[in-house]
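Asks: Next up is a structure, given as structure tokens.
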Amino acid sequence: MRDYSYCPMCRSPLIEKKMDGRGRLVCQSCAWVCYKNPLPAVACLVPDKKGGILLVRRAIEPYKGKWCIPGGFVESDETLPEAGRRELREETGLTGTAGRLVGAHVQKSRMYGAVLVVGLEFTVEHEEITAGDDAADARFMPENALPDIPVESHRKLIREYLTSRLQL
Ligand SMILES: [Zn+2]
């Protein structure tokens, strides 16, 4: 991700300053600080009645053509369960109810710096899938026949989910 050169609040040039033990870009005019924080995203762990897991094949970059867990970025006026419910509906046509927190992982992103991926379990009322705009395909897959999943945080969440399910 490229650094800002000018303050997005007042358009003055930014200077690098030592803050909190690290270099940060700070506005000399209005004191705005360029914090670099992970962007929150939600990932939905959705089981079917046979114990499979819902995966979607991405229709857009990054990871176009690859399988991952349904989910996406949280809008600033959404709760995490609302964001997950929206993404699930957009990508698979399924209506889900948010359950427990499965895990949370920060992951580097080529396009967005760092992303905080929060995994939530969702239960669905029915299992008839209609793949949406961002998804080329969506289906429930048995846990012993999962495809290659290139997103590391998603692999971790699936592992955590399957392990925690055994312990419940
Ligand atoms: Zn400024």
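Just so you know, all these numbers are worked out from the coordinates, no wet-lab data involved. Since the model is a prediction, treat every value here as computed from it, not as a measurement. No Cβ is skipped: glycine too gets one built from the backbone with ideal geometry, and neighbour counts run over all protein chains shown.
Asks: Give the range of the longest stretch in the chain that excludes all GluC sites (Glu not before Pro) found in loop regions by DSSP and having at most 14 other beta-carbon atoms within 10 Å. All intermediate terms of the calculation are to be shown ahead of the outcome.
Replies: On the way: sites that count: GLU75, GLU125, GLU128.
Within the chain, the longest run free of exposed GluC sites (Glu not before Pro) spans 1-74.
Asks: In nm, to one decimal, how far is the ALA31 label point from the LYS17 one, both placed 7 Å along Cα→Cβ?
Replies: Each label point is offset 7 Å from its Cα along the Cβ direction, giving 0.8 nm.
Asks: Still on this structure, I have one more. Add +1 for every Lys or Arg and -1 for every Asp or Glu among the other residues with Cβ under 15 Å from the Cβ of LEU162, and state the total.
Replies: Numbers: positive: LYS50, ARG100, ARG155, LYS156, ARG159, ARG165; negative: ASP48, GLU121, GLU143, GLU160.
Summing Lys and Arg as +1 and Asp and Glu as -1 gives +2.
Asks: Can you give the angle from 0 to 90° between the axis of helix 152-167 and the longest principal axis of the chain, with both taken from C-alpha atoms, to the nearest 10?
Replies: Helix 152-167 sits roughly 50 degrees off the main axis of the chain.
Asks: While we're looking at this one, here's another question. Place a +1 charge on the Cβ of each Lys and Arg in the stretch 100-146 and a -1 charge on the Cβ of each Asp and Glu, then give the dipole magnitude about the Cα centre in debye, rounded to the nearest 20.
Replies: Working: 4 positive and 8 negative charges, 93 e Å.
Value, rounded to 20: 440 debye.
Asks: How big is the dipole moment of the chain about its Cα centre under a simple scheme where the beta carbon of each Lys and Arg is +1, that of each Asp and Glu is -1, and everything else is neutral? Debye, nearest 20, please. Present the calculation step by step, with values, prior to reporting the outcome.
Replies: Values: 24 positive and 23 negative charges, 168 e Å.
Taking the Cα centre of the chain as origin, the dipole is about 800 debye.
Asks: First measure r as the distance between the Cβ atoms of GLU128 and LEU39, then evaluate 1/(1 + (r/R0)^6) with R0 = 41 Å and state the FRET efficiency to the nearest 0.05. Present the calculation step by step, with values, prior to reporting the outcome.
Replies: Values: r = 32 Å, r/R0 = 0.78.
Given R0 = 41 Å and the Cβ-Cβ separation, E is 0.80.
Asks: Using amide H atoms built in the peptide plane, which far-off residues or other-chain residues are under 5 Å from LYS66 H to H?
Replies: ARG58
Asks: Relative contact order, percent, of the stretch 39-152 when contacts are C-alpha pairs under 8 Å separated by at least 6 residues?
Replies: Numbers: 257 pairs, mean separation 41.7, N = 114.
In percent, rounded to a whole number, it is 37.
Asks: How large is ³J(HN,Hα) for each residue in the stretch 111-119, as worked out from phi by the Karplus curve 6.51 cos²θ - 1.76 cosθ + 1.60 (θ = phi - 60°), to whole Hz, x for Gly and Pro?
Replies: So the Karplus estimates, Gly and Pro as x, are 9, 10, x, 9, 10, 9, 9, 9, x Hz.
Asks: What net charge do the residues around GLU75 carry, taking every other residue with its C-beta under 11 Å from that of GLU75, with Lys and Arg at +1 and Asp and Glu at -1? Intermediate results must be reported in sequence, preceding the final value.
Replies: Numbers: positive: ARG86; negative: ASP77, GLU78, GLU82, GLU87.
Result for the neighbourhood of GLU75: -3.
Asks: Given the options GLY52, GLY21, GLY71, state which has the largest fluctuation in a GNM of the chain using a 10 Å cut-off (strictly under) for Cα springs.
Replies: GLY21
Asks: With point charges of +1 on the Cβ of Lys and Arg and -1 on the Cβ of Asp and Glu, referenced to the Cα centre of the stretch 39-167, which listed residue (GLY84, PHE140, LEU157) lies farthest in the positive direction of the dipole?
Replies: In the stretch 39-167, that residue is LEU157.
Asks: Hey, what angle do you get for helix 80-92 against the long axis of the chain, alpha-carbon based, 0 to 90 degrees rounded to 10?
Replies: Approximately 60 degrees, to the nearest 10.
Asks: Among ASP134, ASP148, which comes first, then next, by fewest other beta-carbon atoms within 10 Å?
Replies: Numbers: ASP134 14, ASP148 7.
If I rank by nearby Cβ atoms, fewest first, I get ASP148, ASP134.
Asks: Going by Cα centres, the stretch 150-165 and the stretch 76-107 are how many Å apart?
Replies: Between the Cα centre of the stretch 150-165 and that of the stretch 76-107, the gap is 15 Å.
Asks: Also, quick follow-up: Loop-only check: which trypsin sites (Lys or Arg not before Pro) in the stretch 1-92 are DSSP coil with at most 10 other Cβ within 10 angstrom?
Replies: On the way: sites: ARG2, ARG11, LYS17, LYS18, ARG22, ARG24, LYS36, LYS49, LYS50, ARG57, ARG58, LYS64, LYS66, ARG85, ARG86, ARG89; in loops: ARG2, ARG11, LYS36, LYS49, LYS50, LYS64, LYS66.
Counting only loop positions with at most 10 other Cβ atoms within 10 Å, the trypsin sites (Lys or Arg not before Pro) in the stretch 1-92 are ARG2, ARG11, LYS49, LYS50, LYS64.
Asks: I've got another one for you. Straight-line reach only, C-alpha to C-alpha below 27 angstrom: list the lysines that LYS17 could link to, leaving out same-chain residues fewer than 8 apart.
Replies: Candidates past the 8-residue exclusion: LYS36, LYS108.
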